[in-house]
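Bear in mind that the values in this text are calculations on the coordinates, not laboratory data. None of these values were measured; they are calculated from a predicted model. FYI the Cβ positions are ideal-geometry reconstructions off the backbone, even for glycines, and counts take in every protein chain you see.
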Amino acid sequence: MSVFYNCLTGIQTVIRNTNVSGIDDDHVIVRKLPWVRGAELPAVVISPISDAMRRVNNQQIEVGYGCHVCIVQASNYSLTSSHDAFLYWREQIEDAIVANKLAAVSGVINLIIEPSGLILPQAFRKQYDVSAFVARCIARETA
């Protein structure tokens, strides 16, 4: 399997092992795109996003595999319901990923969290609460 896919499924495993209260393990899913079509909510959708490369030396490059982590729940246009729980889910998930650093994924040497949107207004207009961030898995590979 590719390092990128292993990063996606590694993040899925970390989130499932975190036992986030209110999100069932089978609602933590890996998809090609961060779409919730057909998914039961609340859910966490993990999908690939842009990667970045940097040459370390003549033999090695560092690749930053971007894993988009989207936390989704139905909002029904409510500006207050489940707000604290929703933000707590994000906090728990980010903390778990940072603490784990995907040690089980071969080649990953570091992990950086990049903000992507605390609560996305465009999703709220479609009656979803969506919070997202990028977990960038840094791997060293042969050039």
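None of L87, L41 is in contact with a helix residue (DSSP H, G or I) (Cβ under 9 Å, 6 or more places away or on another chain), surrounded by fewer than 18 Cβ atoms within 10 Å (Cβ to Cβ) and under 20 Å from Y128 (Cα atoms) except L41. Inclusion of A104 among residues that are closer than 26 Å to R140 by Cα, of a type outside the set (V, I, T) and assigned to a loop (DSSP other than H, G, I, E, B) is warranted. Would you check if A96 is in contact (Cβ under 8 Å) with a residue 60 or more places away in the chain and either surrounded by fewer than 18 Cβ atoms within 10 Å (Cβ to Cβ) or assigned to a strand (DSSP E or B) (or both)? Considered against the rule, which asks whether it is in contact (Cβ under 8 Å) with a residue 60 or more places away in the chain and either surrounded by fewer than 18 Cβ atoms within 10 Å (Cβ to Cβ) or assigned to a strand (DSSP E or B) (or both), A96 comes out as yes. If I filter the range 81-93 down to residues being within 15 Å of the chain's Cα centre (by Cα) and touching a residue at least 60 places away in the same chain (Cβ under 8 Å), which single residue comes out as nearest to V3 (Cα to Cα)? So the residue we want is I93. Restricting the first member to the range 111-127 and to residues that are touching a residue at least 40 places away in the same chain (Cβ under 8 Å) and assigned to a helix (DSSP H, G or I), and the second to residues that are surrounded by 10 or more Cβ atoms within 10 Å (Cβ to Cβ) and not small (G, A, S), the beta-carbon pairs closer than 7 Å and six or more apart or on different chains are A123/V130. Within the range 46-80, restricting attention to residues that are farther than 26 Å from I109 by Cβ and among the aliphatic types (A, V, I, L, M), the residue that is farthest from the chain's Cα centre (by Cα) is L79.
Is it the case that some residue within the range 70-80 is in contact (Cβ under 8 Å) with a residue 60 or more places away in the chain and surrounded by 14 or more Cβ atoms within 10 Å (Cβ to Cβ)? Scanning the range 70-80, I find at least one residue that is in contact (Cβ under 8 Å) with a residue 60 or more places away in the chain and surrounded by 14 or more Cβ atoms within 10 Å (Cβ to Cβ), so the answer is yes.
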